[in-house]
1. Within region B:117-141, take every residue that is part of a loop (DSSP other than H, G, I, E, B) and among the hydrophobic types (A, V, I, L, M, F, W, C) and give me the one that is most open to solvent (accessible area, probe 1.4 Å).
2. Is it fair to say B:Val125 is more than 14 Å from chain A (Cβ to nearest Cβ) and either in contact with a Gly (Cβ under 9 Å, 6 or more places away or on another chain) or aliphatic (A, V, I, L, M) (or both)?
3. Listed residues A:Ile12, A:Ile79, A:Ile30; which is surrounded by 17 or more Cβ atoms within 10 Å (Cβ to Cβ), assigned to a helix (DSSP H, G or I), modelled with pLDDT of 85 or more and touching a helix residue (DSSP H, G or I) at 6+ places or on another chain (Cβ under 7 Å)?
4. Suppose we filter region A:282-302 for residues that are away from chain B (no Cβ under 14 Å) and either in contact with a strand residue (DSSP E or B) (Cβ under 6 Å, 6 or more places away or on another chain) or open to solvent by 60 Å² or more (accessible area, probe 1.4 Å) (or both); how many remain?
5. Among residues belonging to region A:192-251 that are within 14 Å of chain B (Cβ to nearest Cβ), touching a residue at least 12 places away in the same chain (Cβ under 8 Å) and charged (D, E, K, R), point out the one that is most open to solvent (accessible area, probe 1.4 Å).
6. Regarding region A:97-109, can at least one residue be identified that is open to solvent by less than 40 Å² (accessible area, probe 1.4 Å) and within 24 Å of A:Lys140 (Cβ to Cβ)?
7. Among the candidates A:Leu167, A:Leu156, A:Leu174, which residue alone is within 16 Å of the chain's Cα centre (by Cα), among the hydrophobic types (A, V, I, L, M, F, W, C) and modelled with pLDDT under 85?
8. Being assigned to a helix (DSSP H, G or I) and either within 24 Å of B:Gly187 (Cβ to Cβ) or in contact with a strand residue (DSSP E or B) (Cβ under 9 Å, 6 or more places away or on another chain) (or both) is the filter here, so list the residues in region B:142-170 that pass it.
Amino acid sequence: MTGKFGHQRFLIQSALRRIFASPLGGILNILVIGIALSLPAGVYTLLKNAQTLAEQLPGKPEISLYLTTKSNDQTIESIRTRLAQHPEIAGSLFISRDDALKKMQQDSSLGDVIEALDRNPLPDAFVVTPRVDSAAVLKKLRDELAQWDGIALAQLDSDWAYKLEALIALGRMLALILGTLLSLALIAVTFNTIRLQILTQREEIEVARLIGATNAFIRQPFLFFGAIQGLLGGIATLLILAAGIRLSNVPLADVALLYASDFRLQALGWGDSLSLLLFSLYLGWLGAWLSVSRHLSRIRPQ
Amino acid sequence: MIRFNQVSKRYPGGYEALKNVSFNIAEGEMVFLTGHSGAGKSTLLKLIAAIEHPNSGSVLVNNQNVSVLKEAALPYLRRNLGLVFQDHKLLFDRSVFDNVLLPLQICGFDPRESSKRVRAALDKVGLLKREKLNPIALSGGEQQRLCIARAIVNRPAILLADEPTGNLDADYSREIMEIFRSFHQVGATLLISTHDQSVLEDEGVRRITLKSGALV
């Protein structure tokens with residue numbers, strides 16, 4: 001066993017030595033990988049934060065029912081009963097047109113305009129709190145209530161919450177597309193570096209073949225090279241994200257203050273960070289594997 | 001140990017390097033392969049190591065027909081061969097020690113056992129004190145001895161040497177032939193290609209002579 005571990009340590013050391021054989025080139029390669037991965041990872045981080053923000057907001061959906069102007073006490077009473085009996089509705093609040101007008105006169109600067117009207121233009125209304133909060137069910141409920149006798153308009157008040165949800169879904173798709181494209185870029189970068197590595201180590205490969213090295217033995221150092229380069233690229237990604245979050249949080253604090261919030265961007269958690277590192281390691285390994293499979297068989301001892 | 005049966009080798013373009021060559025080398029034998037440059041000596045050695053394949057005939061090493069070996073089986077054939085090249089084929093990105101270590105790493109040897117073996121091989125060729133140097137710092141003769149150390153560290157049954165004294169003066173040649181002879185004395189089979197007259201003066205060593213690809 002010591003033999004096996006000793007050899008692996010040797011492979012890791014020589015991979016590091018080769019990555020930094022020309023320090024600038026090595027660092028630039030790692031930076032390319034880091035930047036490529038930090039785009040989708042950054043979008044993902046923003047989405048996670050947006051989701052937390054959405055969850056923090058008071059967001060019980062409500063449906064406002066505006067009654068027709070012809071409504072009388074009888075229709076109001078029948079609607080009240082139907083609402084009370086409806087299984088998907090938790091509660092309802094009646095706001096009469098007179099109350100609504102008074103509230104409007106007090107609250108808004110439209111007081112004078114309303115004063116000038118010769119009659120109350122506002123309808124009676126119910127504010128309904130549903131039991132459910134899934135967008136599709138709420139929409140169905142709203143459509144159902146809109147059909148009732150005496151109701152002119154049914155309005156879903158938390159539309160914005162679903163708009164945000166839809167935006168987050170869109171963002172997820174964007175992150176996925178970006179992630180896929182830039183993963184391919186990472187594989188391409190590794191593919192090319194390994195191709196150059198194979199060319200510069202052509203002699204060594206030939207000698208190793210002459211001395212009886214199997215393909216697996218020859219492939220190994222290149223796979224380690226790719227995997228370690230990928231891992232270092234992943235670490236660069238985490239550093240770029242951390243720096244980006246720190247920098248953004250300074251102006252964000254001012255924005256949040258305007259909304260009386262202490263919201264700050266949070267970095268990726270341990271689990272996500274570890275996944276990112278493993279993923280970039282795997283991509284590097286994959287790029288190396290593809291490159292080695294393609295280029296190694298062409299080198300034959302003379 | 002090494003048997004050629006009516007072996008012919010033609011390179012693409014029609015050049016005929018070997019014509020109907022047959023011979024047999026017994027286990028533990030030491031043989032010189034001689035002839036002018038271009039006579040086919042290198043081709044003959046390459047056929048034994050399966051670097052090239054014959055167009056007709058068969059090459060048997062240890063009763064194994066190497067010309068029909070599968071690609072995946074070649075590494076295991078080559079581990080039984082020690083190869084010494086005229087151009088040394090050393091690796092200049094690592095120390096003298098690590099050059100000799102390479103064949104043992106390839107075979108997956110235990111590192112501690114490997115170190116002992118590497119030092120023993122370096123001692124045998126007189127390079128023990130230079131193990132930390134880069135081979136580029138060695139003279140031509142020392143580089144050739146390093147190449148020999150790498151070829152014997154694995155204790156192969158067969159040692160093939162292609163013009164091992166090709167570029168060396170007489171003193172260096174003698175040193176190198178002595179290393180070969182001591183390896184022969186412990187039972188290895190040796191095939192050494194050379195056109196070096198000072199080496200060939202050695203009586204009592206069998207010769208296989210090639211002329212324009214045919215045995216003389």
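The values are calculated or read from the model by the stated rules, or taken from the named source; none is laboratory data. Note that the structure is predicted; figures quoted are calculated from it, not measured. In this analysis, Cβ positions are derived from the backbone assuming ideal geometry, glycine residues included, and neighbour counts consider all displayed protein chains. Heavy atoms of the whole protein, side chains included, go into the accessibility calculation; ligands, DNA and RNA do not. Shrake-Rupley method; radii C 1.70, N 1.55, O 1.52, S 1.80 Å.
1. The qualifying residue most open to solvent (accessible area, probe 1.4 Å) is B:Leu133.
2. On the way: more than 14 Å from chain A (Cβ to nearest Cβ): yes; either in contact with a Gly (Cβ under 9 Å, 6 or more places away or on another chain) or aliphatic (A, V, I, L, M) (or both): yes.
In short, yes.
3. Working: A:Ile12 fails: surrounded by 17 or more Cβ atoms within 10 Å (Cβ to Cβ); A:Ile79 fails: touching a helix residue (DSSP H, G or I) at 6+ places or on another chain (Cβ under 7 Å).
The conditions single out A:Ile30.
4. Going through region A:282-302 one residue at a time, the tally reaches 5.
5. Step by step, filter region A:192-251, then rank; the result is A:Arg202.
6. Within region A:97-109, not a single residue is open to solvent by less than 40 Å² (accessible area, probe 1.4 Å) and within 24 Å of A:Lys140 (Cβ to Cβ).
7. On the way: A:Leu156 fails: within 16 Å of the chain's Cα centre (by Cα); A:Leu174 fails: modelled with pLDDT under 85.
Result of the check over A:Leu167, A:Leu156, A:Leu174: A:Leu167.
8. From region B:142-170, those assigned to a helix (DSSP H, G or I) are B:142-152, B:170; that's our starting set.
Correct list: B:Gln144, B:Arg145, B:Leu146, B:Cys147, B:Ile148, B:Ala149, B:Arg150, B:Ala151, B:Ile152.
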